[in-house]
Amino acid sequence: MEQKEDSASRENEQLKAQMPQVSEEASYNNNQLEFSCSHICSFSNLEYSISDSAERSKSRVKLIGLIIFYSVVMVVEIVGGMKANSLAVLTDAAHMLTDIAGSSISLFAVWVAGWASTPRQSFGFGRLEVMGVLLSVQLIWLICGILIYEAVDRILHKNAKVNGKLMFLIALFGFLVNLLMIFWLGHDHTHHSHSHESHETCNSGEHDHEMEELDVMGVEDTIGLVSPSPLNVKILNINIQGAYLHVMTDIIQSVGVMISGLIVWVKPEWLVVDLLCTLVFSIAALATTLPMLKKVFCILMERAPDEIDIALLENGLKSIEGLHDVHDLHVWAITSGKFVLACHIVIGPGASQNEMLSKVRDYCERSFKIHHVTIQIDRQVH
């Protein structure tokens, strides 16, 4: 009896000694999974780093300044365009309105980038930016349609007089303010964006994708190094770069209106120059909205983003060691630059689920900048 009791007590001691080890291992695995998800699932767990906050604040100040500049020029051009009876100046004012809308949307995007998701809005609030773009496009089409109608009516009836001198001076004012905007934006469109984006841009080429396919066979678990912060910084830089391109376009248009005003000032009977300038710039403004409209349509229809080659993505996943097949692969965008992936993967009998998750997530993030990945694992049965 004593021997049985001694053996039973030894077994209990062994179980007690083993239980903390199992608990520690389980705790490690759970912590590892939570650590991975918090760094990959950028919609459900936003990272509010000091650098991101400073970058958002800097971009916000610049965009607010642009909106103020645009508003001043727009008011001057509306009042002056009506006094000069120049449709070209009013068209430039309409273009300023589109720039205000674009800068406001960019400012809103910077603001929304700091919002945390909620249980109801599990993907965050990025779609509000898409809805804002759609609204601004509709406004642009409405204004340009009215200006084109008025220009055609004036060409047919030839009953308008334009003050060429006032038209020239207003366009000159807009040109000078646009130059001031260039200095206000500073060098963010060049040096800063290059330091963050130059290497990322190269990754979109065929050569680097091929290198990713070669390297993915031996990819290590680097989830701990993955962070959504570079994506947020890149989006902020894109907003500033886009604003810079808008200002450059405004400078070109201001020069065109200045030339038209100078011609009408010297030759008042050449009224058709003002009307042709109106038609050209209105059509150009409409043309610039087509890529925006296409992108909005693709996002709302949850179409696979143009930035991601689905065939290349699928082949890259299948080349991962231990992964036998990929099916039900879906990729879509919540908003511009924020991609989501969901798929089923089939792994071998002896493959580790955590290791496969780590490899797939790391490949999607490094090669295609997909920061939200949902994977269902199916085990291959012999």
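May I ask you to list the residues in the stretch 74-112 that are outside any helix (DSSP H, G or I) and surrounded by fewer than 24 Cβ atoms within 10 Å (Cβ to Cβ)?
Of everything in the stretch 74-112, just one residue is outside any helix (DSSP H, G or I) and surrounded by fewer than 24 Cβ atoms within 10 Å (Cβ to Cβ), namely Asn85.
Output the number of residues of the stretch 141-162 satisfying the condition of being surrounded by 20 or more Cβ atoms within 10 Å (Cβ to Cβ) and either among the polar types (S, T, N, Q) or part of a loop (DSSP other than H, G, I, E, B) (or both).
So the count comes out to 1.
Output the residues belonging to the stretch 262-295 that are surrounded by fewer than 16 Cβ atoms within 10 Å (Cβ to Cβ) and aromatic (Phe, Trp, Tyr).
The one that is surrounded by fewer than 16 Cβ atoms within 10 Å (Cβ to Cβ) and aromatic (Phe, Trp, Tyr): Trp270.
Return a yes/no flag: does the stretch 132-140 have any residue that is closer than 20 Å to Cys277 by Cβ and in a helix (DSSP H, G or I).
yes
Does Leu169 fit the bill of being farther than 26 Å from Gly65 by Cα and assigned to a helix (DSSP H, G or I)?
The answer is no for Leu169.
State the number of residues belonging to the stretch 109-142 that are farther than 27 Å from Ser59 by Cβ and not aromatic (Phe, Trp, Tyr).
Qualifying residue count, the stretch 109-142: 3.
For the stretch 103-123, what are the residues that are of a type outside the set (A, V, I, L, M) and out of contact with any Gly (no Cβ under 8 Å at 6 or more places or on another chain)?
Scanning the stretch 103-123 gives Ser103, Trp111, Gly114, Thr118, Pro119, Arg120, Gln121, Ser122, Phe123.
Would you check if Leu312 is modelled with pLDDT of 90 or more, in contact with a strand residue (DSSP E or B) (Cβ under 9 Å, 6 or more places away or on another chain) and not assigned by TED's automatic domain parsing to the domain that holds Met181?
Judged against the criteria, Leu312 is not a match.
Only one of (1) of a type outside the set (Ser, Thr, Tyr); (2) in contact (Cβ under 8 Å) with a residue 12 or more places away in the chain; (3) in contact with a helix residue (DSSP H, G or I) (Cβ under 9 Å, 6 or more places away or on another chain); (4) part of a loop (DSSP other than H, G, I, E, B) is not met by Asn354, so which one is it?
Going through (1) of a type outside the set (Ser, Thr, Tyr); (2) in contact (Cβ under 8 Å) with a residue 12 or more places away in the chain; (3) in contact with a helix residue (DSSP H, G or I) (Cβ under 9 Å, 6 or more places away or on another chain); (4) part of a loop (DSSP other than H, G, I, E, B) one by one, Asn354 breaks only (4).
Check Lys369, Lys338 and return the single one that is modelled with pLDDT under 95, surrounded by 20 or more Cβ atoms within 10 Å (Cβ to Cβ) and in contact with a Leu (Cβ under 8 Å, 6 or more places away or on another chain).
Just one listed residue meets the conditions, Lys338.
From the residues in the stretch 285-325 that are more than 30 Å from Leu97 (Cβ to Cβ) and among the small types (Gly, Ala, Ser), which one is farthest from the chain's Cα centre (by Cα)?
Step by step, filter the stretch 285-325, then rank; the result is Gly322.
Can you tell me which residues in the stretch 300-338 are within 20 Å of Glu355 (Cβ to Cβ) and small (Gly, Ala, Ser)?
Those that are within 20 Å of Glu355 (Cβ to Cβ) and small (Gly, Ala, Ser): Gly316, Ser319, Gly322.
The values are calculated or read from the model by the stated rules, or taken from the named source; none is laboratory data. Only a predicted model underlies this, so the values are computations on that prediction, with no experimental measurement involved. All Cβ positions, glycine included, derive from the backbone under ideal geometry; neighbour counts span all protein chains shown.
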